[in-house]
Amino acid sequence: MADLGGEFDATKVEPNQGRRLFPAGDFRVCIVSSEKKPTKSGSAVLLKFQFLDGPSQNQDYTECLNLWNP
């Protein structure tokens, strides 16, 4: 294993809260932007959604759809 320089003590740092998720359920959303991006083996589409109702109303969510891989 690579030497990363020193020791790490997980008890001395705050836990990572991770990605913010939205509650389960059906919600109306609107795609507010889309962009085709190159990837290592093809290309993908980044879609930015905005929630129109529910507890996440007016919040954005971005999803990467990796659709084209030769």
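Just the residues that are of a type in the set (G, A, S) and open to solvent by less than 70 Å² (accessible area, probe 1.4 Å), please, taken from the range 19-47.
Of everything in the range 19-47, those that are of a type in the set (G, A, S) and open to solvent by less than 70 Å² (accessible area, probe 1.4 Å) turn out to be G25, S33, S41, G42, S43, A44.
Are there any pairs, at least 6 apart or on different chains, whose C-beta atoms fall under 9 Å, with the first in the range 29-44 and touching a residue at least 12 places away in the same chain (Cβ under 8 Å) and of a type in the set (S, T, N, Q) and the second open to solvent by 60 Å² or more (accessible area, probe 1.4 Å) and assigned to a loop (DSSP other than H, G, I, E, B), and if so, which?
Short answer, once both residue conditions are applied: T39/N69; S41/N69; S41/P70; S43/N69.
What about N58, is it modelled with pLDDT of 85 or more and surrounded by fewer than 11 Cβ atoms within 10 Å (Cβ to Cβ)?
Answer is yes for this residue.
Search the range 61-70 for residues being in a strand (DSSP E or B) and over 16 Å from the mean Cα position of the chain (by Cα), and hand back the single one that is surrounded by the fewest Cβ atoms within 10 Å (Cβ to Cβ).
By that ranking, first place goes to L67.
Could you please find all residues in the range 26-60 being within 14 Å of the chain's Cα centre (by Cα) and among the charged types (D, E, K, R)?
If the condition is that a residue be within 14 Å of the chain's Cα centre (by Cα) and among the charged types (D, E, K, R), then K48, D60 are the ones that fit.
The values are calculated or read from the model by the stated rules, or taken from the named source; none is laboratory data. Every value quoted in this text rests on a predicted model; they were computed, and no experiment measured them. Neighbour counts run over all protein chains shown; Cβ positions are idealised from the backbone, glycine included. We work out accessible area using only protein heavy atoms, side chains counted, and drop any ligands, DNA or RNA first. Shrake-Rupley method; radii C 1.70, N 1.55, O 1.52, S 1.80 Å.
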